[in-house]
Amino acid sequence: MYKRQAFQVVELSQRVHALRRTVSQIGDRRFIYVTVKKMDSRMSRHDGRSVDQLRTISVNRGFTNTSAASVLVQAGNTMVLCTASVEYKVPPWRMPRNEGEVVKGWVTAEYNMLPGSTSPRKQRDRKNVDGRTTEIQRLIGRSLRAAVDFEALGEHTIMIDCDVLQADGGTRTLSVTGGFIAMCEAVATLKLPTPAIRDSIAAISVGVVAGVPVLDLDYPEDSTADVDMNVIMTGGGKFIEVQGTAEGEPFDFDTLQAQLALAKNGIDQLTAIQKESLGDAWPL
């Protein structure tokens with residue numbers, strides 16, 4: 001087990017912003033930065049953040065000690081407990097059908113919002129999992145699987161459980177970001193001969209609020225947004241999934257590009273936070 005560790009990201013966020021300002025002077029990044037700066041002067045968000053600013057992020061590894069890995073992640077008032085468990089087997093359908101084939105591992109995820117995570121109280125799922133929960137846990141699973149070399153993982157299944165303790169927007173994206181940290185810790189306990197993590201994974205919400213693209217929406221923004229979008233990317237800059245919806249009027253291509261630019265900026269910051277929080281356990 002890794003030593004329990006809490007991580008606050010005020011100073012790190014400042015360092016990442018400084019790095020982004022330098023990189024933005026090279027190639028296409030210059031245009032993206034100038035666009036965001038222009039939007040800053042047009043809007044003051046209700047919590048005082050700039051349009052390209054994440055909520056305050058905290059990461060507390062080793063929050064529980066009954067699973068292979070656990071991490072409590074918080075973005076503003078949203079809190080998610082992500083745990084990772086290891087099974088020394090794979091689902092029957094993952095077993096090789098032909099002699100000599102290698103057993104490939106598997107990663108899956110479950111997501112749930114605790115009853116007290118919202119107001120009014122969310123009814124506890126006893127028998128049937130609702131459609132929203134099913135959709136989100138599938139999103140988390142397929143996002144995290146994009147980071148894994150299953151042949152290197154071998155005959156192991158990593159189960160990621162994401163339980164929302166408090167919801168204030170962005171629960172699915174924070175589950176992906178925290179789930180990756182927990183998954184890395186769990187995989188490290190296996191001491192595999194070949195690294196099984198190929199890239200980092202993080203997710204963030206973006207949207208259009210009062211006509212302006214913004215990063216990392218909380219509930220007041222999400223509930224009134226003109227456009228709501230979730231973006232999942234690798235640390236290497238490749239897209240895994242983009243979910244975007246016009247809540248009212250359709251939006252144009254330039255608005256889409258502005259949101260994706262904000263998302264890329266946010267993913268860069270989250271990747272740095274993941275790397276800092278894992279320290280020597282960073283697998284890449």
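Return yes or no: is residue 203 at pLDDT 95 or above and within 18 Å of residue 174 (Cα to Cα)? Before you say what the answer is, go through the steps one by one.
On the way: at pLDDT 95 or above: yes; within 18 Å of residue 174 (Cα to Cα): yes.
Answer is yes for this residue.
When the range 212-241 is filtered for residues that are out of contact with any helix residue (DSSP H, G or I) (no Cβ under 6 Å at 6 or more places or on another chain), free of Cβ contacts under 8 Å to residues at least 40 places away in the same chain and over 22 Å from residue 167 (Cβ atoms), the ones remaining, listed by number, are 236, 237, 238, 239. Among what's in the range 71-127 and is charged (D, E, K, R) and at pLDDT 95 or above, pick the residue that is farthest from residue 275 (Cα to Cα). It comes out as 89.
Yes/no per residue for (1) surrounded by 13 or more Cβ atoms within 10 Å (Cβ to Cβ); (2) touching a helix residue (DSSP H, G or I) at 6+ places or on another chain (Cβ under 6 Å):
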position	(1), (2)
104	yes, yes
111	yes, yes
121	no, yes
141	yes, no
148	yes, no
152	yes, no
161	yes, no
164	yes, yes
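Regarding the range 216-226, can at least one residue be identified that is outside any helix (DSSP H, G or I) and either polar (S, T, N, Q) or closer than 29 Å to residue 89 by Cβ (or both)? Yes, that holds for at least one residue.
Residues checked against (1) within 13 Å of the chain's Cα centre (by Cα); (2) closer than 21 Å to residue 58 by Cβ; (3) β-branched (Val, Ile, Thr):
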{"position": "165", "(1), (2), (3)": "no, yes, no"}
{"position": "186", "(1), (2), (3)": "no, yes, no"}
{"position": "192", "(1), (2), (3)": "no, no, no"}
{"position": "202", "(1), (2), (3)": "yes, yes, no"}
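Per-residue answers, yes or no, for (1) within 25 Å of residue 136 (Cα to Cα); (2) at pLDDT below 90; (3) of a type in the set (Gly, Ala, Ser):
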{"position": "48", "(1), (2), (3)": "no, no, yes"}
{"position": "51", "(1), (2), (3)": "no, no, no"}
{"position": "62", "(1), (2), (3)": "yes, no, yes"}
{"position": "69", "(1), (2), (3)": "yes, no, yes"}
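Within the range 232-284, the set of residues being surrounded by 15 or more Cβ atoms within 10 Å (Cβ to Cβ) and of a type in the set (Val, Ile, Thr) comprises 232, 234, 240, 242, 255, 267, 271, 273. Among the residues of the range 117-137, how many are assigned to a helix (DSSP H, G or I) and free of Cβ contacts under 8 Å to residues at least 12 places away in the same chain? Qualifying residue count, the range 117-137: 4.
Exactly one residue among 245, 255, 271 is outside any loop (DSSP other than H, G, I, E, B), over 26 Å from residue 200 (Cβ atoms), in contact (Cβ under 8 Å) with a residue 24 or more places away in the chain and not charged (D, E, K, R), and that residue is 255. Between a residue in the range 76-95 that is among the small types (Gly, Ala, Ser) and any residue that is surrounded by fewer than 16 Cβ atoms within 10 Å (Cβ to Cβ), which pairs come within a Cβ distance under 7 Å, given they are 6 or more apart or on different chains? Filtered contacts from the range 76-95: 76/56.
The values are calculated or read from the model by the stated rules, or taken from the named source; none is laboratory data. These numbers were taken from a predicted model, which means no experiment stands behind them. Positions of Cβ are generated from backbone atoms using ideal geometry, with glycine treated the same way; all protein chains shown enter the neighbour counts.
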